[in-house]
1. Rounded to whole Å, give me the distance from the Cα center of region 151-190 to that of region 60-126.
2. In degrees, nearest 10, range 0 to 90: what is the angle between the Cα axis of helix 128-138 and the longest Cα principal axis of the chain?
3. May I ask you to list the residues of region 107-136 whose amide nitrogen lies under 20 Å from a point 7 Å from Cα along the Cα→beta-carbon direction of residue 86?
4. Round to the nearest 10 and report in Å² the accessible area of residue 60, as given by a 1.4 Å probe over the protein chains' heavy atoms.
5. If the viscosity is 0.692 mPa s and the temperature 37 °C, what translational diffusion coefficient in µm²/s does Stokes-Einstein give for region 90-172 when Rh comes from Kirkwood over Cα pairs?
6. PRE reach from residue 145 (point 7 Å along Cα→Cβ): which of region 155-190 fall under 13 Å by backbone N?
7. To the nearest 20 Debye, how big is the dipole of region 46-86 about its Cα centre, given +1 on the beta carbon of each Lys and Arg and -1 on that of each Asp and Glu?
8. Order the following by accessible area, largest value first: 35, 82. Probe radius 1.4 Å; ligands, DNA and RNA are ignored.
Amino acid sequence: CSGAGKSRVVAASGSCSPVTEAQLAWADVHGFSLIDVDAAQAADPALWEAEIGRAADLAVTELGQGCDPVLLTARGPDDPAIARASEAAARTGTTPQTLNARIGDGLGRMVDAVLRRTGTGRALFSGGDSSGYATKALGVFALEAIAPLAPGAALFRARSDDPSRDGLELTLKGGQMGGPDFFGRVREGR
């Protein structure tokens, strides 16, 4: 990874947008480590719990090696992972709403586990629905703006009743927001 010496950030993406696809491609060659999360596992609660643990463990390892992890469910709109998740949901009778809620909550819990284990103080969530579920999983109840990053997306300071989450630097963005270097902008806090 080429991110050594910079601020650490843990990112998670539930977005399938072409904009996020370009951002993930940029991040992949600029000190971030992309970790594929098998969203199809979210159709089965027990399998999803195992996937949450596996992905969080990988992210902790990557941080220890000087890489900024990006936990992601799809690399873009044409990623076969999207169809696999839909097929798994159909097989198990899981509604799309339930699947999306599990995925968003799971991404939040993955990031929370990584933050707790590493002491990293900055996180990024990409994907509108995912961001909402994830902040709830983190126990965040308010955000205070620190710096603008792109139209519609800023770096915030989180407020939480959990002292380990109060003051966390957090960015939430919809899939269509930000330029290709958005993940780097979050890491640098600019």
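The values are calculated or read from the model by the stated rules, or taken from the named source; none is laboratory data. Nothing here was measured: the structure is a model prediction, and the numbers come from that model. Cβ: placed from backbone, ideal geometry, glycine included. Neighbour counts: every protein chain shown. Side chains included, ligands, DNA and RNA excluded: accessible areas come from the protein's heavy atoms. Shrake-Rupley method; radii C 1.70, N 1.55, O 1.52, S 1.80 Å.
1. If you average the Cα positions of each part, the centres end up 16 Å apart.
2. 70 degrees
3. It comes to 127-130, nothing else.
4. The accessible area comes out at roughly 30 Å².
5. After rounding, the answer is 247 µm²/s.
6. 155-157
7. Here region 46-86 has a charge dipole of around 100 debye.
8. Result of the area sort, largest leading: 82, 35.
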